[in-house]
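Report on one structure; see the data block that follows.
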Amino acid sequence: ASRLSYFFWGTMPDDELFAAAERGDLNTPEVLSAQVARLSADPRAKEMTRQFHRQWLGLDAFGSVVKDDMVFPVWQDDMSQDLRLSIESFIEHVYWDEGNLAAFMTSPAVFLTPELAPLYGKTVDEESGGVWREDFPADERAGILTQPGLMALLAYPNQGSPIFRALWVRERLLCQHLPPPPSDIQVEPPDPDPNATTREVFAALTAEEECAGCHLLINPLGFGFEGYDAIGRWREVENGKEVDISGDLIGSPEATMDGPFNGAVELANRLADSETIAKCISKQWFTYAMGRPHDGSDAQSMTRIYEQFLQNDAAFTSLFEAIVLSDSFRYRKRPEVAQAEFEEANPDLATMEDTADEQGGE
């Protein structure tokens, strides 16, 4: 009962959950499924999705987003929090209104405030109450990848960052982790060149031999986001030159995803059908629900979670139900099993504990 309530509501069980636990009803999958439906329908579940994405997407970083007012004179400091609100409203919409992974990856919806609307070429909706939905052209926006707030977050104060944007896709959506740059390389943003595009600047910056290897996996992917400037606006021209939005996805976990693409919208539509994205998001949600990453003992549970999620059109409520019905969620590990797994994963710490025990005994 506690695991259920803290997963969905972030607080202790209500009377109905306590009563179900007392009767032993929570031992049956049918009752668990009914409880998932009940807990999901409660408004408190919206806070669950907000907290999950705050952690997963690093939304607290909006508190430190600044832009160079010489380059972007239309930027106001309080716009960073409006952009965070925009992303949170988008997430709430795709989870609880559209309800599936396809919408998360491809919806043209962007949520605006009176401050943001002029920035992105829209008129203020005076009857909106402060936040409203706008559907942008399908060739400009598609899902989370092209949200103005995310593009502004993954940028420098004075220019975009193909590297930040590519690494975000690799790490957050593909669950891939690239090695850090060599310790003797200074990682500093390049100064914008008024005679060059961002693509040209970063291509030159990472062309050195010690950089080129890893950046083969980064630059071609990140260059596909060049249709968005450092505050998330759509652009076709930069510094008097036509923006090149061609990209290439190389070395992904799923070979069918690899290949050239023309812009982030095309990439988003390709990734939307990917089992890799579904599996990665499932892993992230499992970690949130359990308060720990999955390990070898969770292999069967993870397989069943993926399968149920994919078999139900990647509906988020089916993902929540699959996690709750998994053995990993329903059962505790025996203490001796948990200790053995800890020692296998952390041999140095286990040796230190044994030494401390021996010294204590003496």
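The values are calculated or read from the model by the stated rules, or taken from the named source; none is laboratory data. Source: prediction; values computed, not measured. Positions of Cβ are generated from backbone atoms using ideal geometry, with glycine treated the same way; all protein chains shown enter the neighbour counts. In case anyone asks, the SASA skips ligands and DNA or RNA and just uses the protein heavy atoms, side chains included. Shrake-Rupley method; radii C 1.70, N 1.55, O 1.52, S 1.80 Å.
Largest GNM mean-square fluctuation among E344, E171, E127, using the chain with Cα springs under 10 Å: E344. Accessible surface area normalised per residue over the chain is 50 Å², counting heavy atoms of protein chains with a 1.4 Å rolling probe. For I218, the solvent-accessible surface with a 1.4 Å probe is about 10 Å², rounded to the nearest 10.
The alpha-carbon atoms of segment 275-338 define a convex hull whose volume equals 72 cubic angstrom per residue. Heavy-atom accessible surface of T198, to the nearest 10 Å², is about 0 Å², with a 1.4 Å probe and all protein chains retained. Run the quick spin-label model on S33 and E307: label points 7 Å from Cα toward the beta carbon, then report their separation in nm to one decimal. Placing both labels 7 Å along Cα→Cβ, they lie 1.5 nm apart.
What do you reckon, how do L57, L153 stack up by accessible area (1.4 Å probe), largest on top?
Numbers: L57 10, L153 30 Å².
Sorted descending by solvent-accessible area, the residues read L153, L57.
Projecting label points 7 angstrom from Cα along Cα→Cβ for Q176 and I250 puts them 1.0 nm apart.
Given (i) 69, 59, 40; (ii) 65, 47, 46; (iii) 69, 56, 33, which label gives Cα extents along the principal axes in Å as computed from the coordinates? Answer by label: (i). For the set F104, F18, the ranking by accessible area, highest first and with no ligand, DNA or RNA atoms included, is F18, F104 under a 1.4 Å probe.
What does the C-alpha gyration tensor say about the overall shape of segment 210-277? Classify as rounded when a/c is under 1.5, otherwise prolate if a/b is larger than b/c, or oblate.
Values: a/c = 2.48, a/b = 1.41, b/c = 1.76.
Note, shape of segment 210-277 comes out oblate.
Distance between the modelled labels on D327 and E344, one decimal in nanometres: 1.4 nm (7 Å Cα→Cβ projection).
Nearest 500 deg cm²/dmol is fine: what mean residue ellipticity at 222 nm does the chain get from its DSSP H runs of n ≥ 4 alone, each adding -39,500 (n - 2.57), divided by its residue count? Don't skip to the end; give the middle numbers.
Values: 18 runs with 173 residues, N = 362.
Dividing the helical sum by the residues of the chain leaves -14000 deg cm²/dmol.
Can you pull the percent of the chain's accessible area that's carbon plus sulfur, 1.4 Å probe, other chains left in place?
Working: 8970 of 17940 Å².
Carbon and sulfur together cover 50 percent of it.
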